[in-house]
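Presented below is the structure to which this report refers.
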Amino acid sequence: MKLGKSTFLVGVIFGVITSCNFSKSASKDLITGLTTKGDGLSAESVYVTINNEKVSDNAFYYGQNIITNFENMDGFVVENNTYYPKIQVVLVSKKGDTIMYEPDLLKADAGFDATLKTLTGNMILARPIYSGKDYTMYYTITDKKGTGTFSSELKFDLLHDPLIKVEKKGLDFKEGYLMSLSKNNIITNGKIAFDEKILMDFQDLSGYKSTNGEVSLGLKIRVVDAADTVILNMEDAFNGRPISEDEIKAGVGAQLVINKGRLKNPVNFHVTIWDKNSDAKLHAETELTVE
């Protein structure tokens, strides 16, 4: 996964279709604020999961994959043991701007086996979504062979990673995060494994000076354990190489792999980025527990 680009994934999981239920319904989860409405279509349960665990609030972190589960849906017209659902999703900012829109996530004109009935939509909260902002996610499920509809609405906050502490002097960015390149997911608990490749990345860096579309940045990486043992000390990972504006837009970051061995937790991961054409810079650090 390249979080520097818009990333949007949708999945479908199925169970067993039962008899039709053309009732109207409405519900609200008092914990997450998730609301649902059904007219002709129904769901036994609707809930959000992250890493296969139900969420207990409506605040998420940048890069997380949130899955909306529409469990045991009913009411579709079934023809030749096949039904034809359509799922639309819209993501709207607090200002009312449409950030993402997909009219038909499933795109399965052949329909689905009527022995399967649970639908899911999953969204990776990455660019053009940014932390520090509020969003509303709308799902609408319709029946391509009937008139039934079912919808959900979830308002949520996207939080900055609290584990990354940043000091800025001239340089700024839109998004910073810690990611496991080995596991292809965001690290939000500060725990990593030996030999796991991780990345501290900063997207849409600004505040530097460019000459003819090229930028001269420095990138220092320093990693020290709790016993002050230096694991890595790289004075300039760029080594004087000029960087293009396109590369900076894709993200400026530092990779780290801690090989298996003796160390004392926690490990401090320091990253300093500076502009060689000015005095602008930023320093970021996070604590890691290596298991």
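What is the Cα coordinate range of the range 53-175 on the first, second and third principal axes, sorted by size from largest, in whole angstrom?
65, 29, 20
Computing the accessible area with a 1.4 Å probe over protein heavy atoms, can you report the carbon and sulfur percentage for the chain? Let's see the in-between values first.
Working: 6740 of 14630 Å².
Exposed carbon and sulfur together represent 46 percent of the surface.
In whole Å, what three semi-axes, largest first, describe the equivalent ellipsoid of the range 224-291 built from its Cα gyration tensor (square root of 5 times each eigenvalue)? Before the final figure, lay out the partial values.
Values: eigenvalues 151, 32, 24 Å².
The answer is 27, 13, 11 Å, longest axis first.
Given a 1.4 angstrom probe, what's the average accessible area per residue across the range 194-289, in square angstrom? Walk me through the numbers on the way to the answer.
Values: 4800 Å² over 96 residues.
Accessible area per residue: 50 Å².
Report the label-to-label distance for LEU181 and LYS260 in nanometres (one decimal), using points 7 Å from each Cα along the Cα→Cβ vector.
2.1 nm
Viscosity 0.890 mPa s, temperature 25 °C: give me the Stokes-Einstein translational D for the chain in µm²/s, with Rh taken as the Kirkwood radius over C-alpha pairs. Let's see the in-between values first.
Values: Rh = 21.4 Å.
The diffusion coefficient I find is 115 µm²/s.
Check the straight Cα-Cα distances from LYS264 and name the lysines below 25 Å, setting aside those fewer than 8 residues away within the same chain.
Output for LYS264: LYS165, LYS183, LYS191, LYS197, LYS220.
Hey, if you put +1 on the Cβ of every Lys and Arg and -1 on every Asp and Glu Cβ in the chain, which of ALA126, ILE231, PHE156 ends up farthest toward the positive end of that dipole?
Of ALA126, ILE231, PHE156, it is ILE231.
What's the ranking of 148-158, 51-61, 188-198 by average number of surrounding C-beta atoms within 10 Å, highest first?
Details: 148-158: 19.4, 51-61: 13.3, 188-198: 15.5.
Answer by packing, highest mean first, reads 148-158, 188-198, 51-61.
Could you check the spin-label model distance between ASP204 and GLU44? Points 7 Å from the Cα along Cα→Cβ, value in nm.
The two pseudo-label positions are separated by 4.2 nm.
As an exercise, take the mean of 1/r over every pair of distinct alpha carbons in the range 181-268, invert it, and state the Kirkwood radius in angstroms.
Numbers: mean 1/r = 0.0674 Å⁻¹.
That comes to 14.8 Å for the range 181-268.
Using +1 on the beta carbon of Lys and Arg, -1 on that of Asp and Glu, and nothing else charged, what's the dipole of the range 109-151 about the Cα centre, debye to 20? Working shown, then result.
Values: 5 positive and 4 negative charges, 21 e Å.
Approximately 100 debye in magnitude.
Computed over the Cα atoms, what is the radius of gyration of the range 118-161 divided by 2.2 N^0.38 Å, N being its residue count?
Working: Rg = 14.0 Å, N = 44, 2.2 N^0.38 = 9.3 Å.
Rounded to two decimals, the normalised Rg is 1.51.
When we measure straight from the Cα of LYS276, which aspartates and glutamates land under 20 angstrom away, once same-chain ones fewer than 8 places off are left out?
GLU167, ASP172, ASP201, ASP204, GLU214, GLU235, ASP236, GLU245, ASP246, GLU247
Can you tell me the FRET efficiency between VAL224 and LYS94 if r is taken as the Cβ-Cβ distance and R0 is 30 Å, rounded to the nearest 0.05?
Values: r = 40 Å, r/R0 = 1.34.
Approximately 0.15, to the nearest 0.05.
The values are calculated or read from the model by the stated rules, or taken from the named source; none is laboratory data. On a predicted model such as this, the values are computed, not experimentally measured, just so you know. A quick note on method: Cβ atoms are made from the backbone with ideal geometry, for glycine too, and the neighbour counts reach across all protein chains shown. To get the accessible areas, we keep the full protein, side chains included, count just its heavy atoms, and leave off ligands, DNA and RNA. Shrake-Rupley method; radii C 1.70, N 1.55, O 1.52, S 1.80 Å.
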